[in-house]
Amino acid sequence: MKMILLLPLLLILISGILMAQEVLPIKPHNQWASLIGCLKSCSDYLGFEYSSAWISGVTGHAFLLNMHPVVCPSGPVAFDNGFVLANAESLGLSFTGIYGQKTDPDFKELQKSAFDATKQALADNKPVFGWELNLPEYYLIVGTDDNGYLYYDFDGSVRHKPWNELGNSDIGILTIYIAFPSEREPDPIQQAHTALDFFHDYHVNPQQYAFEGYTQGIKGYDVWIEALSERKADLWGLTYNIKVWRAERINGLSFLEELKSVLGDNYNYEDLDRAIREYRKVVDNLSNVSELYPFPPQNEEISESDTSQTVSLLRAARDSEKRGIEAVNLFRLHFKGE
């Protein structure tokens, strides 16, 4: 298995293009939400056996919605993701982060520090992922050479990023995360508490995680609908957003179903079953939207007929999600004995 995973790297080495110093036999897990894909790869490598849905549900990402007024492609990544990493502690995962902006006076030193920290982490058998090694997404870093990073691209190939180019983009943000086992012993019941408590708190005040100009939570549907109704939705953004949010609601639905099997027969699942039915409707409606908009876009603009149909489907998804949120929160009260 390790040889299979290392094959793309070995081909690079044999070709003489790069001489890798540190390489981890770590498997990439592509997800539309690239952060969740990286967390899945890290948790697998560290010996935890979680589904992508469980990771997404426990961290709260499965129920996130972040929308820009013109449905900008940045919506799925432009938010404060600190809660995802904080909630991952209950999964047994901890992270060290190296951050910088190219406007920082010591930016070149930060770039070098990030590179040195990555090399040391890989030598210590710790998985690493970073921001914008290519597109504005998160990428799994599997090795280094003298000049930079080796990372898995989304097509499964291993590519190279010079260390002194990381963060030196138009966005201008440098981020490296090093993962390692936390001191907290993973416990499925505690993970359920983490997930359900965050679910409740998030939907009370989702804007606490939003950047300026973006709308989080259930109100994000209204922003999405308005952008389409007023013909101001970005086509690339629309096709990308629907893929990400549909995929995460699929994770959310699977998480709720998995929650029943994890908790066992000691609970009344009437409200949770109702939530599952509502989130299944959310997934169905978002899937119908997704079918209208392949990624990348196949047309130059959004037709009026597609707009009308999409608005109806998004309204149905929003209304089902509202009922699903209410049902999950009722289950939470019974689960906590309140």
Name, by its number, the condition in (1) closer than 30 Å to Asn125 by Cβ; (2) assigned to a loop (DSSP other than H, G, I, E, B); (3) touching a residue at least 24 places away in the same chain (Cβ under 8 Å) that does not hold for Ala233.
(1)
Starting from segment 323-338, keep only residues that are more than 16 Å from Lys260 (Cβ to Cβ) and in a helix (DSSP H, G or I), then list their pairs with residues that are of a type outside the set (A, V, I, L, M) and at pLDDT 95 or above whose Cβ atoms are within a distance under 7 Å, requiring at least 6 positions of separation or different chains.
Arg323/Glu278; Ile325/His203; Asn329/His200
For segment 187-217, which positions are surrounded by fewer than 17 Cβ atoms within 10 Å (Cβ to Cβ) and not in a helix (DSSP H, G or I)?
Asp187, Asn205, Phe211, Glu212, Gly213
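For every residue, the table says whether it meets (1) within 22 Å of Leu253 (Cβ to Cβ); (2) touching a residue at least 40 places away in the same chain (Cβ under 8 Å).
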position	(1), (2)
His61	yes, yes
Pro73	no, yes
Phe83	yes, yes
Asn87	yes, yes
Pro105	no, no
Leu110	no, yes
Ser113	no, no
Can you pull out every residue in segment 157-178 that is in contact (Cβ under 8 Å) with a residue 40 or more places away in the chain and not small (Gly, Ala, Ser)?
Val158, His160, Trp163, Asn164, Leu166, Asn168, Ile173, Leu174, Thr175, Ile176, Tyr177, Ile178
Residues of segment 70-94 satisfying the condition of being part of a helix (DSSP H, G or I) and either surrounded by fewer than 20 Cβ atoms within 10 Å (Cβ to Cβ) or touching a strand residue (DSSP E or B) at 6+ places or on another chain (Cβ under 9 Å) (or both)
Gly82, Phe83, Leu85, Ala86, Ala88, Glu89
Being assigned to a helix (DSSP H, G or I), outside the structural domain of Glu49 (by TED's automatic domain parsing) and buried (at least 16 other Cβ atoms within 10 Å of the Cβ) is the requirement here; does Glu291 meet it?
no
Please work out which one of (1) in a loop (DSSP other than H, G, I, E, B); (2) within 29 Å of Ile225 (Cβ to Cβ); (3) not polar (S, T, N, Q) is the condition Gly37 fails and give its number.
(1)
If we scan segment 258-271, do we find a residue that is surrounded by fewer than 19 Cβ atoms within 10 Å (Cβ to Cβ), farther than 30 Å from Leu333 by Cβ and in contact (Cβ under 8 Å) with a residue 24 or more places away in the chain?
no
Which one of the conditions (1) farther than 26 Å from Asn241 by Cα; (2) in a strand (DSSP E or B); (3) among the aromatic types (Phe, Trp, Tyr) does Phe115 fail to meet, given that it meets all the rest?
(2)
Is at least one residue of segment 189-203 touching a Phe, Trp or Tyr at 6+ places or on another chain (Cβ under 9 Å), over 30 Å from Phe107 (Cβ atoms) and hydroxyl-bearing (Ser, Thr, Tyr)?
yes
So, Glu226, is that one surrounded by fewer than 21 Cβ atoms within 10 Å (Cβ to Cβ) and part of a loop (DSSP other than H, G, I, E, B) or not?
no
When restricted to Ser320, Ser312, the only residue under 24 Å from the mean Cα position of the chain (by Cα), modelled with pLDDT of 95 or more and assigned by TED's automatic domain parsing to the domain that holds Glu257 is Ser320
Using beta carbons and a limit of 7 Å, which pairs, at least six apart or on different chains, have the first residue in segment 306-321 and crowded, with 16+ Cβ neighbours inside 10 Å and the second one of a type in the set (Gly, Ala, Ser)?
Val311/Ser229
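The values are calculated or read from the model by the stated rules, or taken from the named source; none is laboratory data. On a predicted model such as this, the values are computed, not experimentally measured, just so you know. Glycine also receives a Cβ, built like all others from the backbone with ideal geometry; neighbour counts cover every protein chain displayed.
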